[in-house]
Structure formats: C-alpha cells, structure tokens
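The structure appears right after this line, and notes come after that.
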Amino acid sequence: MHITLNGSPRDCATATTVAQLLQDAGYGARRVAVEVNREIVPRSLHTSHELADGDQVEIVHAIGGG
Amino acid sequence: MNTKTFDTADPLVIAGKSYGSRLLTGTGKYKDFDETRRATQAAGADIVTLAIRRVNIGQDASQPNLLDALPPEEFTLLPNTAGCYNAVDAVRTCKLARELLDGHKLVKLEVLGDQRTLFPDVVETLKAAETLVADGFDVMVYTSDDPILAKRLEEIGCVAVMPLAAPIGSGLGIQNRYNLLEIIENAKVPIIVDAGVGTASDAAIAMELGCDGVLMNTAIAGAKDPVLMAHAMKLAIEAGRAAFKAGRIPRKRFASASSPIDGTIG
C-alpha cells in the first residue's frame, strides 16, 4: 500500500503498524511524535495502530529553535 | 539541576512554577550541540526553547538529538511554534510537542504574519491562544508590543505575555520602551521580552524597565563567541533586575554635587 510520510510517497506492507514504520525508518528507539491524518497517535498506541492505504503520516522531533 | 545559585528571594514564577533564572534562551543557530549546551550553561538558563520539525527520513537516525544535549530532566523545555503562519498549524505543532515531551503543557506560541518582518499575526495568535488554553496548555505567547493586545492575551489565560523589543533576529534592541512600560504596569502575568535584543545593555534595559525576563537566541548564538556572550547576558539580566528593584534616581537636567559643600577650604 502507499502512504505519504513527511510529505513524500512511501510503499509499505498492508497493515503496517506505526511502530513497524518507525522501526523501518530508523526511528524505533528515538524520541519522536507521530501524527496520522492530522491526529496524534500516542506512543502507547504505536504497536497497535495499523496504517491504511493513503494515510498521511508525520514523524517529528525536537531541533534547535528560538 | 544546574550548579548555580537559586535566587529563592526573587524567582520568576510562570504557571505556578519558580525559576531561578530570568534569562530564557533559544537553541537555534549554534554550530553544534556541544556549543548549544555550553552557551546554555553559561547563560544559566532554566527555560530553553526548541522547535518541532519533521525528521529527515533516509538520513542517519542515530545522529545525536537536541534532547541528548539538553535533557528534559535538567531544563524546562519550551517548544515553540516557529514557522507557523496560522492558528491551525500552531495548535497542531503544540499537540505534537505535547506528545513528543510526554504530556508537557508549557509552550511558546508564535504565529507569524510575514517572512520579511516576522512580526506576529495577532489575529491568528489570539485564535490559537484561545484554543490552546481551552485544551489545557500553559501558553507563553509571543506578540507585538501593543498594550491592549497584551492585556487581551492575559485575559484569555496565557501564563506569560512576551512582546517583541524589535523584529526577531534584528538585534536592534528595545525600540519602544514606553509601550513595554505600559504593558508591564498593567500585567498580572510575567512579561518577558522576546526577540530583538542585540547585546547585553539591551537586556539590562528590558530588565530595568521591569520586565520579568528576557528570551533571546540570535544575540547569543550569532555572537563571535556565543559562550562569552551568554555569560554577558546572564550578568546583564541580573544587573538590570537588581537596578529595577533598587529603584533608579530620577533624571535631572542640572548637576547635583556628590560631595558636601560645607567645609570646603579657601
């Protein structure tokens, strides 16, 4: 299936969970926040929340800023 | 906590929490995280801002992270909404920050109006502030130096109002001290100058006017020696605060001798 991850198209297996996506993208152990279709997916739901075709996913972190 | 003196007699209190330092610092524009940390420590800052951005998918995710350099256990992190030009994006960013930082409620709201001036869009700022306060956030809000608007933001329930001294990153210093005075004198929440400071004397002036604190980034990070400038800013904030509390002498047009006239020879 196709999702959009941080604005770019990405292929992933059907029913991929948020936790699996984070793992695949290299962010499994990092402090990040995840939004799917503009709704926050809390960390406690990362292993159970399955992505669907066409989902818009955002993964964000903290960087320097003023 | 940092190994610095906590001024228990004169803390900065924001949303019921006391802070020893009245200098709040940004974490942008530094050479690397080591410099960020050394400058932040030299400033003695308790509250540090950070930005929320997309991770770079495809790049090495094991690179050091800002939160490794400035751990949440050591500093009060203040996620900002920098780069947001409308209330919807700003609220979304705050919710992401709250999730990222495990339920953290304190945020710096800034909704910008245009890219040239980076002046706040006050209409969108008011909208976002109302939504965020209703959602339980503790909102420290960046705004213009308009006294009426500052009062409105306080009435909405913002925990600190942060007027600009001059445009973000301009280093022009305090441009309208009478507006700032008006804001300070009417406020029941901390007033923190956010943006526009260029050097230590600017920070001291803000504090002498009675501001509760100053938030700055570029003035430190953009200096030739950011760590030394951070130290200078710490001293300026402390000096300005002490001078404000001491109460300055009135300005007079003519001289007034320091030594007694009685007993002069001749």
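Here are a few things to note about the model shown:
- Given (1) within 14 Å of another protein chain (Cβ to nearest Cβ); (2) in contact with a Gly (Cβ under 6 Å, 6 or more places away or on another chain); (3) hydrophobic (A, V, I, L, M, F, W, C), number of the condition B:Val133 does not satisfy: (1)
- Single residue of segment A:11-34 satisfying the filter (more than 7 Å from chain B (Cβ to nearest Cβ) and without any contact (Cβ under 8 Å) to a residue 12 or more places away in the chain) that is nearest to B:Leu70 (Cα to Cα): A:Ala29
- Scanning segment B:226-266 for residues that are of a type outside the set (Lys, Arg) and outside any loop (DSSP other than H, G, I, E, B) yields a count of 18.
- Helices (runs of 4 or more DSSP H) fully within segment B:121-225 counting 2 or more residues that are over 21 Å from A:Gly64 (Cβ atoms), modelled with pLDDT of 95 or more and among the aliphatic types (A, V, I, L, M): B:122-134, B:147-156, B:177-186, B:200-209
- For segment B:42-76, a residue qualifies if it is at the interface with chain A (Cβ under 7 Å from one of its Cβ atoms) and either modelled with pLDDT under 90 or in a helix (DSSP H, G or I) (or both), and the qualifying residues are B:Ile57, B:Ala61, B:Asn65, B:Leu66, B:Leu67.
- Residues (over 10 Å from A:Ala62 (Cβ atoms) and either of a type outside the set (Val, Ile, Thr) or surrounded by fewer than 22 Cβ atoms within 10 Å (Cβ to Cβ) (or both)) located in segment B:97-109: B:Arg98, B:Glu99, B:Asp102, B:Gly103, B:His104, B:Lys105, B:Leu106, B:Lys108, B:Leu109
- Residue within segment B:143-162 that is surrounded by fewer than 22 Cβ atoms within 10 Å (Cβ to Cβ), in contact (Cβ under 8 Å) with a residue 40 or more places away in the chain and not aliphatic (A, V, I, L, M) present: no
- The condition (being over 24 Å from B:Val111 (Cβ atoms), among the charged types (D, E, K, R) and crowded, with 23+ Cβ neighbours inside 10 Å) is satisfied by just one residue among B:Asp225, B:Asp202, B:Asp194: B:Asp202.
- Number of the condition not met by B:Lys29 [criteria: (1) surrounded by fewer than 22 Cβ atoms within 10 Å (Cβ to Cβ); (2) in contact with a Ser or Thr (Cβ under 8 Å, 6 or more places away or on another chain); (3) outside any loop (DSSP other than H, G, I, E, B); (4) not small (Gly, Ala, Ser)]: (3)
The values are calculated or read from the model by the stated rules, or taken from the named source; none is laboratory data. These figures come from a predicted structure and were not determined experimentally. For neighbour counting, all protein chains shown are included, and Cβ atoms are generated from backbone atoms with ideal geometry for every residue, glycine included.
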